[in-house]
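Report on the following structure.
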Amino acid sequence: MSETRNNHYVPEWYQKGFLLPSRGQLHYLDLSPDKKELSDGRVITYRASNHWPVSKCFRERDLYTTFFGPYINDEIERELFGKVDDVGSKAVRAFIGGDFSECHKRFQDFFSYIDTQKIRTPKGLAWISKHYPQLSQLQLMIEMQSLRNMHCTIWTEGVREIVSAEKSSLKFIISDHPVTIYNYACPPESQECIYPDDPPIAFKGSQTIFPLDRDHCLILTNLEYAENADANPLENRTNARNFGNSLVRTDAFIRSRFLSEEEVRKLNFIVKKRARRYIAAPERDWLYPEKDIQSDWSALRKTFLPPKGEMFHFGGEIYVGHKDGSTYYQDAFGRTTGDVPYLKKKKKEEPGPNDSCVCGSGKKYKKCCRDKDPSQRPASDVLSIRERNLIFCRKVKDTLGLYDGKTWDDVRKELDEDKVKDIYEFFGGLWPVDTDVVSLLPKPDGTLRALYTGLIDPRTISHFAMNGVLYFDEILIQSPFINPATVKAEYSPVHNPDQYKQQTLKNVFLLFMLEPFIDAGLVNFIPDPCSFNGYLRMQMFDMAEERAGNKKMLKTEMARLKELGKDDFKRLQFMLPKEVMKAQIQKALPDLSEDQVVELIDYMESEKQRDPLSLLQDGLYGDGKGQLMIMSMSPNFEMSLFIAQATGSLIFTDSPYRWDELQSSQYLENGNPKYQWRDLTEFMNRQDYFLNSNPETIFRLRVSGKLGRLRKVLGDIYTAIKSESDPNIIGSLTEHFTQQFTKAREISYRELINPKGLNGEIIPGMEQHSFKGKFIYLSPMSGIIHNNVQRLLFSCGLNNYLNNVPMAIFMGHEENSE
């Protein structure tokens, strides 16, 4: 079998739909014809216009071909696109014909084909490649297949219209990138339209234009823009998401408009302006619509707005009743929880410089969002992550009776199923599954921000994670609270709260430990992003399973986890009923006397009383009951990179296992990592760092400004690593930063000798809780990066994120950091 190497990225069957009757060829126009310089200096331009059969148009040699040494593989062209085009051609013809039964049958195929057609072109493949550091041809083909169908949810939830050119003598033309994105606020010369980009489909004002044949063209419009043409065209539509699940009407299409010749020309003008290089039409004159276009880019939008009288087909709410009596609900934007008024904030006028920032960070406006570009600001029309966490803290305290004079011992005695259920129901109410959590996360904005990834446990969090606030402007820690809407009922803290009592006590203890840091804006206590995005969750699990393989934890980390496990087991043993405890002791230690057994039980009881993480309750294990204990190293590797790149953060960890994962994902040049900043990072690796294990001491040191000079230098270093690549400049900066770091460290450490708080008082807890640690810096050229994570960022519709993680830091004790 001969290989298929001339790859049609616009299929022949599709091109034939644009031919006129009894015509077998298209006028094919090259918008950027090749040039050749002759030996005598003259430059000749190759012919721009040809009259060719469809077999010669819109094709490129080896566009999809992969090579394995001498072997040529054309399965993408033959197998993948053979099936795609077979299904797609039937779907497109069904929607041209307008038969409802066929349209319903082919609905998913239709939109799947459009999405595939968008990314299979040279422009589409270049668009994919732009979001990855380096892709081989094989990797590019893999990513192309992974990203198919990413826009279908947004498209199907919008206003769907098929316009006709049947009453016009001028017909629709075809381009080398047939799925065209038009946004009236993004002219061809705008940043959003620089090749190979298009305006994001999620923007309210973005419309998708796809000619189906010479007489029919599909126009897809976001609902908010269709209903209100004055909506901000550069703002994301409500609940914009890729790869999401949704329920839509398959019969809702507007088919009432017949375009005039002038309107067809305007549409062709946009198709031509957004083409990569080639356009085609059966008549040569149709290839030059700009000759008769007088309107500017934004004025063209009037042609593409759907008729108001047909808008009744779209929007509204959907209710589905099931036989078991349950009901499914969905609003016009695919949200199953609808609009949540109590999470919204009233729009405020521009605040004063010293007013609280509208984003809810707790900082002054002048020190937060005032000078940031809109793309660098978190959402300000809904409660922020910080505001939700503080509300949650108040609710938990109220539920546990702490505002009524209850002590922590009272909480340990009285934590029951109703209180556990109440806490998690409230948490779920603060974080509906339709939350656009990415919009609430901080954005890359120049802040020295760091994401902690490691064990989320109140017993270990203060050793290294919380010390991050001394060295970074802000740290991100993932909350261990489970969103009850994302787990099966049998494992849900709402449906089976009895098994979550011990874990809830630990989580609440951690929450209260972090509360002052959260209130001060030093810790951003973020929920798990996977709780709000089913596609992200599924991809993350698949990637983690693929990556893990036979990889094992290092012995040092396994020993730590075993110690924590033993501590949990001991705690659970202490909460056994006394008669059960006695029986187990007598079985394990039969030589003990009765008095010795009683003495041992009394000792265990006293240990339980002293342990703040132990419930002061018996009977937790009767009638088959148990406690679900969760030991979480969060976020995992993929989500750590995802969150760090989305928020502009460096990553720090105290986990050797996670550190090994980060080291294995350094960007490689010719198979090896390259370090432009090696001299600087090796110098910083040799230093010791002040750490403290007492949360109150850490907090008071930070709010009193201690180590501020060192934070400033680290921020300057991080900014330089992100932005500078000139070896000569790096050399001089290394010398400068070495001097600045040394000076800042000396000044900061002098501050720690009898340190004073804001009111001049000596900060306690320095001697008994302070220790020296080591930081190991990892900063390879082009950063820490993984193609799987790039795909997640790209496919989740993020518009502002770092292309890699520029720096990671391992924190350890001085004696075992190497």
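The values are calculated or read from the model by the stated rules, or taken from the named source; none is laboratory data. Every value quoted in this text rests on a predicted model; they were computed, and no experiment measured them. Backbone-built Cβ (ideal geometry, glycine too); neighbour counts: all protein chains shown. For accessibility, only protein heavy atoms count, side chains too; no ligands or nucleic acids. Shrake-Rupley method; radii C 1.70, N 1.55, O 1.52, S 1.80 Å.
Conditions tested, residue by residue: (1) farther than 30 Å from F810 by Cα; (2) modelled with pLDDT under 85; (3) part of a helix (DSSP H, G or I).
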residue: M553; (1), (2), (3): no, yes, no
residue: L572; (1), (2), (3): yes, yes, yes
residue: Q586; (1), (2), (3): yes, no, yes
residue: E605; (1), (2), (3): yes, no, yes
residue: L641; (1), (2), (3): no, no, yes
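Pick from segment 222-259 the residues that are assigned to a helix (DSSP H, G or I) and over 30 Å from R791 (Cα atoms): which of them is most open to solvent (accessible area, probe 1.4 Å)?
Only one residue tops the list, namely E227.
From R658, R610, grab the single residue that is basic (K, R) and open to solvent by less than 30 Å² (accessible area, probe 1.4 Å).
Of the residues listed, the single one that is basic (K, R) and open to solvent by less than 30 Å² (accessible area, probe 1.4 Å) is R658.
Would you call R412 closer than 27 Å to K363 by Cβ and in a helix (DSSP H, G or I)?
no
Let me confirm something: among G705, G715, which residue is over 17 Å from F771 (Cα atoms), open to solvent by less than 20 Å² (accessible area, probe 1.4 Å) and not aliphatic (A, V, I, L, M)?
G715
State whether one or more residues within segment 68-76 are of a type in the set (F, W, Y) and in contact with a helix residue (DSSP H, G or I) (Cβ under 8 Å, 6 or more places away or on another chain).
no
Output the qualifying pairs, or none if there are none: Cβ atoms under 8 angstrom, residues six or more apart or on different chains, first residue in segment 358-382 and modelled with pLDDT under 90 and polar (S, T, N, Q), second residue open to solvent by 70 Å² or more (accessible area, probe 1.4 Å) and not in a strand (DSSP E or B).
From residues that are modelled with pLDDT under 90 and polar (S, T, N, Q), the pairs are S375/N799.
For segment 93-108, what are the residues that are in contact with a helix residue (DSSP H, G or I) (Cβ under 7 Å, 6 or more places away or on another chain) and touching a residue at least 12 places away in the same chain (Cβ under 8 Å)?
A94, F95, C103, R106 - these are the residues of segment 93-108 that are in contact with a helix residue (DSSP H, G or I) (Cβ under 7 Å, 6 or more places away or on another chain) and touching a residue at least 12 places away in the same chain (Cβ under 8 Å).
So, of the residues in segment 63-96 that are over 17 Å from L135 (Cα atoms) and part of a strand (DSSP E or B), which turns out to be nearest to the chain's Cα centre (by Cα)?
Filtering first and then ranking leaves N73.
Out of curiosity, is F699 aromatic (F, W, Y), surrounded by 20 or more Cβ atoms within 10 Å (Cβ to Cβ) and under 31 Å from the mean Cα position of the chain (by Cα)?
yes
Mind listing just one residue for me: the one in segment 312-344 that is surrounded by 11 or more Cβ atoms within 10 Å (Cβ to Cβ) and of a type in the set (V, I, T) and, of those, nearest to V248 (Cα to Cα)?
Only one residue tops the list, namely I318.
List the residue pairs whose Cβ atoms are under 9 Å apart, where the first residue sits in segment 191-206 and is in contact (Cβ under 8 Å) with a residue 60 or more places away in the chain and closer than 12 Å to K130 by Cα, the second is charged (D, E, K, R) and not in a loop (DSSP other than H, G, I, E, B), and the two are 6 or more positions apart or on different chains.
From residues that are in contact (Cβ under 8 Å) with a residue 60 or more places away in the chain and closer than 12 Å to K130 by Cα, the pairs are Y195/K123; P196/K123; P196/K130; D197/K130.
For segment 401-426, how many residues are open to solvent by less than 10 Å² (accessible area, probe 1.4 Å) and closer than 27 Å to L476 by Cα?
Residues meeting the conditions: 3.
Condition check: surrounded by 20 or more Cβ atoms within 10 Å (Cβ to Cβ) and in a helix (DSSP H, G or I). Does L267 satisfy that?
yes
If a residue must be buried (at least 21 other Cβ atoms within 10 Å of the Cβ) and part of a helix (DSSP H, G or I), how many such residues does segment 485-498 contain?
Residues flagged as buried (at least 21 other Cβ atoms within 10 Å of the Cβ) and part of a helix (DSSP H, G or I) within segment 485-498 amount to 1.
Looking for whichever is under 26 Å from T460 (Cα atoms), among the polar types (S, T, N, Q) and open to solvent by less than 60 Å² (accessible area, probe 1.4 Å) here; the options are S795, S782, S748. Which one fits?
After ruling out the rest, the residue left standing is S748.
Quick one: which of V438, V420 is touching a Phe, Trp or Tyr at 6+ places or on another chain (Cβ under 8 Å) and over 18 Å from E515 (Cα atoms)?
V420
Run down E557, E599 and say which single residue is in a helix (DSSP H, G or I) and either in contact (Cβ under 8 Å) with a residue 40 or more places away in the chain or open to solvent by less than 60 Å² (accessible area, probe 1.4 Å) (or both).
Only one candidate passes the filter, namely E557.
Six or more apart or on different chains, Cβ under 6 Å: which pairs go from a residue in segment 46-61 that's under 10 Å from Q15 (Cβ atoms) and aliphatic (A, V, I, L, M) to one that's open to solvent by less than 80 Å² (accessible area, probe 1.4 Å) and not in a strand (DSSP E or B)? Could you list them?
As it stands, the answer is V54/E12; V54/Q15, since those pairs meet every condition given.
Checking E262 against (1) modelled with pLDDT of 95 or more; (2) open to solvent by 20 Å² or more (accessible area, probe 1.4 Å); (3) touching a helix residue (DSSP H, G or I) at 6+ places or on another chain (Cβ under 7 Å); (4) not basic (K, R), which test does it fail?
(3)
Quick check on G521: is it on the phi > 0 side of the Ramachandran plot, in contact (Cβ under 8 Å) with a residue 40 or more places away in the chain and not acidic (D, E)?
Yes; evaluated as a whole, the condition is true for this residue.
Within segment 724-742, is there a residue that is in contact with a strand residue (DSSP E or B) (Cβ under 8 Å, 6 or more places away or on another chain) and either at pLDDT 90 or above or loosely packed, with under 14 Cβ neighbours inside 10 Å (or both)?
The answer is no; no qualifying residue exists.
In the set D373, D436, which member is open to solvent by 30 Å² or more (accessible area, probe 1.4 Å) and out of contact with any helix residue (DSSP H, G or I) (no Cβ under 9 Å at 6 or more places or on another chain)?
None of the others qualify; the one that does is D373.
Within segment 291-308, take every residue that is more than 12 Å from P187 (Cα to Cα) and among the polar types (S, T, N, Q) and give me the one that is least open to solvent (accessible area, probe 1.4 Å).
T303
From the list Y471, Y452, which one is under 30 Å from V713 (Cα atoms) and under 19 Å from the mean Cα position of the chain (by Cα)?
None of the others qualify; the one that does is Y452.
Residues are listed down the side, and each one gets a yes or a no for (1) surrounded by 20 or more Cβ atoms within 10 Å (Cβ to Cβ); (2) at pLDDT below 95; (3) touching a Cys at 6+ places or on another chain (Cβ under 6 Å); (4) not in a helix (DSSP H, G or I):
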| residue | (1), (2), (3), (4) |
| --- | --- |
| A450 | yes, no, no, yes |
| R459 | no, yes, no, yes |
| L476 | yes, no, no, yes |
| K501 | yes, yes, no, no |
| N507 | yes, no, no, no |
| I518 | yes, no, no, no |
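Using the structure shown, decide if N803 is over 18 Å from I717 (Cβ atoms) and modelled with pLDDT of 90 or more.
Yes; evaluated as a whole, the condition is true for this residue.
Hey, R274 hits all of (1) of a type outside the set (S, T, N, Q); (2) in contact with a strand residue (DSSP E or B) (Cβ under 8 Å, 6 or more places away or on another chain); (3) open to solvent by 40 Å² or more (accessible area, probe 1.4 Å); (4) in contact (Cβ under 8 Å) with a residue 60 or more places away in the chain but one; which does it fall short on?
(3)
Filter segment 44-68 down to the residues that are of a type in the set (S, T, Y) and surrounded by fewer than 18 Cβ atoms within 10 Å (Cβ to Cβ) and list them by number.
Of everything in segment 44-68, those that are of a type in the set (S, T, Y) and surrounded by fewer than 18 Cβ atoms within 10 Å (Cβ to Cβ) turn out to be T45, Y46, S49, S55.
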